[in-house]
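What follows is a set of notes on a single structure, which appears directly below.
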Amino acid sequence: MEGKKLRQLFLDYFREKEHRVVKSSSLVPAHDPTLLFTNAGMNQFKEVFLGAEKRNYSRAASAQKCVRAGGKHNDLDNVGKTARHHTFFEMLGNFSFGDYFKEEAIGYAWEFITEVLKIDKNRLYVSVFRDDDEAFDIWNKKMSIPTDRIFRFGEKDNFWQMGDVGPCGPCSEIFYDHGEKYGCGKPGCTVGCECDRYVEIWNLVFMQFNRDSDGNLTPLPRPSIDTGMGLERLAAVMQGVNNNYDTDLFQNIICDIEKKSGHKYGTDPETDTAMRVLADHMRSTVFLIADGVVPSNEGRGYVLRRIMRRAIRYGKKLDLPVPSLARFVNTVVEEMGGAYPELIENQKTVEKLVQIEEEQFDSTLEAGLKMLNRMIEKSGGKLDAKDAFRLYDTFGFPIDLVEDVCLEKQVKVDRSGFEKQLEQQRKEAKARSRTRMTENPAETYRFLHDFPETEFTGYENRTEQAKVLAIIRDKKPVTQLSAGETAEVLVDRTPFYVESGGQVNDTGTLENKGAKAVVKNLLMPISGRRLHVVFLAEGTLRTGENVVLTLDSERRNAIARNHTATHLLHAALRSVLGDHVKQAGSLVEPDKLRFDFSHFKKLSEQELAEIEQIVNRKLMENLPVQTEVQGIEEARAKGAMALFGEKYGDRVRVVQIPGFSVELCGGTHVNRTGDIGSFAIVSEHSAASGIRRIEARTGFGALSYFNSFREEHRELKQVLKTGEDDLPRFVARKLDEIRQLRQELEHARISGGDTESTEISLTDEITLLLQEVPGLAPGLMREKADNLKQNRSMTIVFLLTVTEDGCNYLLSATKDLNRRFHSGNALRAVAPILNGRGGGNPTMAQGGGKWTGKLTDISDRIVEILKNEVS
């Protein structure tokens, strides 16, 4: 059975069981700094499990795209060498949020595997947590699994927890027996063995406890279910193979690699490994770039770069030229685009970015090889682990590449030391990426669930009457706040916007008859509950009191101008540069806007001018800015573009500028484009590989920017002492005059100069002309030497020009001395006197040094050396 059919069967099965089939979330986790990449199906439901978010469904199913290649979950170095390690994989999962529990979860899993897929029950085994008698009994008594096919394991294998504290619980795993021929042959080989015989295909997590900071477990009021089954492992079972790479999910890509490389899969272990690595890494690369990750030197981009460079290295082992990876993008898209349409939408962007990264790495590889060769020269026969790790970490050099090069030079590599440094890096990455539930806002502010969600009225109102529901100081609720204190205040309704989608918070005031407070910031630790961070300037504020919230209208207007301008800018960029342009991030503040977008080269001045003109034209057209809340699929059907890294529900807010822009956006905007006033692009530069960044201003900020040029124009006229308004023409004319005067000066220096040359006889036949030529550029020194040699024979010329920082020098000889004197060799002999270096051909040589003295001080030494150089 094909992998794509298995995926659909799973989703259809759980749809029939009244589960909401939820689209895979992005590989870039939305609003979760604890994760580098989405690595499990439950990631997008994390806030639901923690109680920080509520959905309008209590059971769900998904086919989730996942990456494990960095931080705590890092399979990168094992990929291609084993049957089941991948950087990218698909996780099939079903979830219950306080709905059904163990009996139903086990029943669904068993029914799907044995009745829908019809997998032989005699090949199936299960495991449970050692103390989970309830799960044991369900498997044994309800599912009729013999006790000798149910295994009890400890916490390491069968107890799951989200972090040090928080939701946790036992889990139950389903194993498939691939057969004795895949076993290790040891007497104790059974479920849990590390060999390839018994493979876990489905993990059922029973989230039923909450662990506190002391390690105590208390039952959750609404236990939940989180399950995960790797599609690749399931496909291997259904297609009768033991190796995931032998399934159709990989074989179509591997077949394309065979065609393009000329190598045959299954004929050589090293070739097979290279093909598996390339197939896996191409899947990761295409999916990550399609989800907005770009190669860089930090964070997610760094992991992507390592994946791509590893793929390039293994591509070279298959004799694929650079660039080649971009040619495999289409194969991945054809294989996976049906289930993940974002691959089709972003194919051109992916292909271009892959090609750019390949070409950059090719030059980096060359630089790295030069560095490795220098390290080898100084190694004394053994390359230090620190040097090997530096090449790995900086240039993405796999250790096997380093060892290959060193082997050719008969140099050993401290492999064990390298492995220790690599393990240390992994431990540090794991520590950085570890979910610290003690800092989890949902846990800290759990009591906010006792209060209703805050009604946001800020789209229509700038001021609002509200009731104080809670006051929080030092993460604990209090009943009142006194003057001079700062706290977080929860109200039932507010016009204040909380930072989201790149737009910053509103600020303003919170007042009643007995209190005056400044609203400095906003937080939303629990979905829907907006906390106002206030400083109480006067009086006392108590829970239950009514207050008036007033936001800073001037600041809100400036933010709204900038936010609507980002939408106009996005549409203008796509109009001028092409549909490959996608938003990759933004920042909307009162005084400026910043917009990151996918593009592969610096924008020309003409392109920037055209983009700026398009936006300003839309401002002058004074188009209406329309907003509407509608279904997510309906919005996408209208062509609405989504924000990078944002998470959307079933109902979304669509912001439309008719005939020009349609985007999903929860931010605040102007009523008509003319309200923006004016728009000015301030700068454009690279933000990352394949990502450009524009900074711009609107309204008074744009006017101030334009006025700064008027002021500079006025100051330049004063400095240049001219009344002309056409400064470019005036400056060009003056530069022409300066160039002409400089040429006349150089001509005078070449013709004569401030000093005369000193004529010295090196031999009875050969004459040396020594001359110091102050201020003469190196290029003109050659012309000066030619002038001095004109109409002369058997003559050598030495010229020296000295500056504050050092010196330049030239040695030249007439052609009749070619057999007796080599200017390049002679200059190399002279250069040490001048603390410099140099070289050249028999008739002309030049160099530079750090010497800053006078020619007369060293002329005797130069003469002596040159006499020895004459044969």
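From the list Asn43, Asn56, exactly one residue is over 29 Å from the mean Cα position of the chain (by Cα), open to solvent by 20 Å² or more (accessible area, probe 1.4 Å) and of a type outside the set (Lys, Arg). Which is it?
Exactly one of Asn43, Asn56 is over 29 Å from the mean Cα position of the chain (by Cα), open to solvent by 20 Å² or more (accessible area, probe 1.4 Å) and of a type outside the set (Lys, Arg), namely Asn56.
Given the conditions (1) open to solvent by 60 Å² or more (accessible area, probe 1.4 Å); (2) modelled with pLDDT under 95; (3) not β-branched (Val, Ile, Thr), which single one is not true for Gln613?
For Gln613, the failing item is (2).
Which one is nearest to Glu545 (Cα to Cα) among residues in segment 505-523 that are open to solvent by 20 Å² or more (accessible area, probe 1.4 Å) and in a strand (DSSP E or B)?
Going through the qualifying residues, I end up with Asn512.
Give Leu603, Leu593 a once-over and let me know the one that is under 16 Å from Asn562 (Cα atoms), crowded, with 19+ Cβ neighbours inside 10 Å, out of contact with any Phe, Trp or Tyr (no Cβ under 8 Å at 6 or more places or on another chain) and in contact (Cβ under 8 Å) with a residue 24 or more places away in the chain.
Matching residue, one of Leu603, Leu593: Leu593.
Suppose we filter segment 661-679 for residues that are open to solvent by 10 Å² or more (accessible area, probe 1.4 Å) and under 16 Å from Arg462 (Cα atoms); how many remain?
Of the residues in segment 661-679, 3 are open to solvent by 10 Å² or more (accessible area, probe 1.4 Å) and under 16 Å from Arg462 (Cα atoms).
Can you name the residue in segment 485-509 that is of a type in the set (Gly, Ala, Ser) and modelled with pLDDT of 95 or more and, of all such residues, is farthest from Asp596 (Cα to Cα)?
Looking at the filtered set, the residue picked out is Ala487.
Given the conditions (1) under 23 Å from Leu231 (Cβ atoms); (2) part of a loop (DSSP other than H, G, I, E, B), which single one is not true for Ala52?
So the condition that Ala52 fails would be (1).
State yes or no: is Asn835 free of Cβ contacts under 8 Å to residues at least 60 places away in the same chain and within 21 Å of Asn818 (Cβ to Cβ)?
no
Within segment 761-780, take every residue that is in contact with a Ser or Thr (Cβ under 7 Å, 6 or more places away or on another chain) and of a type in the set (A, V, I, L, M, F, W, C) and give me the one that is nearest to Ala813 (Cα to Cα).
Leu769
Take segment 759-773 and flag every residue that is in a loop (DSSP other than H, G, I, E, B), surrounded by 11 or more Cβ atoms within 10 Å (Cβ to Cβ) and more than 60 Å from the chain's Cα centre (by Cα).
Leu762, Thr763, Glu765, Ile766
Given the criteria among the charged types (D, E, K, R), in contact with a Gly (Cβ under 9 Å, 6 or more places away or on another chain) and at pLDDT 95 or above, does Glu621 qualify?
Answer is yes for this residue.
Pick from segment 87-146 the residues that are at positive phi and of a type outside the set (Lys, Arg): which of them is farthest from the chain's Cα centre (by Cα)?
Ser144
Just one of (1) assigned to a loop (DSSP other than H, G, I, E, B); (2) touching a residue at least 12 places away in the same chain (Cβ under 8 Å); (3) under 22 Å from Asn122 (Cα atoms); (4) open to solvent by 20 Å² or more (accessible area, probe 1.4 Å) trips up Asp164, so point out which.
Result: Asp164 passes all but (3).
Being over 31 Å from the mean Cα position of the chain (by Cα), surrounded by fewer than 18 Cβ atoms within 10 Å (Cβ to Cβ) and in a loop (DSSP other than H, G, I, E, B) is the filter here; which residues of segment 7-39 pass it?
Answer for segment 7-39, where residues must be over 31 Å from the mean Cα position of the chain (by Cα), surrounded by fewer than 18 Cβ atoms within 10 Å (Cβ to Cβ) and in a loop (DSSP other than H, G, I, E, B): Lys17, Glu18.
Across segment 389-418, what is the number of residues that are at pLDDT 75 or above and either open to solvent by less than 70 Å² (accessible area, probe 1.4 Å) or of a type in the set (Phe, Trp, Tyr) (or both)?
Number of matching residues: 14.
Quickly run through segment 365-388 and pick out the residues that are of a type in the set (Gly, Ala, Ser) and open to solvent by 30 Å² or more (accessible area, probe 1.4 Å).
Ala367, Gly380, Gly381
Count, please, the residues in segment 286-302 that happen to be at pLDDT 85 or above and closer than 16 Å to Gln360 by Cα.
Residues flagged as at pLDDT 85 or above and closer than 16 Å to Gln360 by Cα within segment 286-302 amount to 3.
Select from segment 343-363 the residues that are more than 19 Å from Lys601 (Cβ to Cβ) and surrounded by fewer than 17 Cβ atoms within 10 Å (Cβ to Cβ) and list them in ascending order.
Ile344, Glu345 - these are the residues of segment 343-363 that are more than 19 Å from Lys601 (Cβ to Cβ) and surrounded by fewer than 17 Cβ atoms within 10 Å (Cβ to Cβ).
Hey, could you check segment 572-589 for residues that are crowded, with 19+ Cβ neighbours inside 10 Å and at pLDDT 95 or above and say which is nearest to Gln347 (Cα to Cα)?
Only one residue tops the list, namely Leu573.
For segment 97-127, which residues satisfy the criterion of being open to solvent by less than 50 Å² (accessible area, probe 1.4 Å), in contact with a helix residue (DSSP H, G or I) (Cβ under 8 Å, 6 or more places away or on another chain), under 17 Å from Ala235 (Cβ atoms) and of a type in the set (Val, Ile, Thr)?
Ile119
Give just the number: which of (1) more than 24 Å from Ile289 (Cα to Cα); (2) in contact (Cβ under 8 Å) with a residue 40 or more places away in the chain; (3) of a type in the set (A, V, I, L, M, F, W, C); (4) surrounded by 21 or more Cβ atoms within 10 Å (Cβ to Cβ) does Met620 not satisfy?
Condition (4) is where Met620 drops out.
Can you pull out the residues in segment 681-702 that are open to solvent by less than 50 Å² (accessible area, probe 1.4 Å) and under 15 Å from Ile559 (Cα atoms)?
Result: Ala696, Thr698, Gly699, Gly701, Ala702.
It is to be established whether one or more residues within segment 327-342 are more than 24 Å from Thr273 (Cα to Cα) and in a helix (DSSP H, G or I).
The answer is yes; a qualifying residue exists.
Looking at segment 618-629, is at least one residue under 30 Å from Gln347 (Cβ atoms) and either in a helix (DSSP H, G or I) or over 34 Å from the mean Cα position of the chain (by Cα) (or both)?
Scanning segment 618-629 turns up at least one residue that is under 30 Å from Gln347 (Cβ atoms) and either in a helix (DSSP H, G or I) or over 34 Å from the mean Cα position of the chain (by Cα) (or both).
Conditions (1) more than 18 Å from Thr668 (Cβ to Cβ); (2) open to solvent by 50 Å² or more (accessible area, probe 1.4 Å), marked per residue:
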{"residue": "Phe451", "(1), (2)": "yes, yes"}
{"residue": "Glu460", "(1), (2)": "no, yes"}
{"residue": "Ile472", "(1), (2)": "yes, no"}
{"residue": "Lys476", "(1), (2)": "yes, yes"}
{"residue": "Leu490", "(1), (2)": "yes, no"}
{"residue": "Thr494", "(1), (2)": "no, no"}
{"residue": "Val498", "(1), (2)": "no, no"}
{"residue": "Gln503", "(1), (2)": "no, no"}
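If a residue counts only when it is within 17 Å of Thr767 (Cα to Cα) and open to solvent by 20 Å² or more (accessible area, probe 1.4 Å), which strands (runs of 3 or more DSSP E) contained entirely in segment 778-871 have at least 1 such residues?
844-849
Which residue pairs have Cβ atoms under 9 Å apart, sit 6 or more places apart or on different chains, and have a first residue in segment 172-194 that is on the phi > 0 side of the Ramachandran plot and a second that is part of a loop (DSSP other than H, G, I, E, B) and charged (D, E, K, R)?
Final answer for the pair search is Gly179/Arg197.
The values are calculated or read from the model by the stated rules, or taken from the named source; none is laboratory data. This is a predicted model, so every value here is computed, not measured. Counting neighbours? That spans all protein chains shown, and the Cβs are built from the backbone with ideal geometry, glycine included. Ligands, DNA and RNA are stripped out before the accessible areas are found, and what is left, the full protein with its side chains, is counted by its heavy atoms. Shrake-Rupley method; radii C 1.70, N 1.55, O 1.52, S 1.80 Å.
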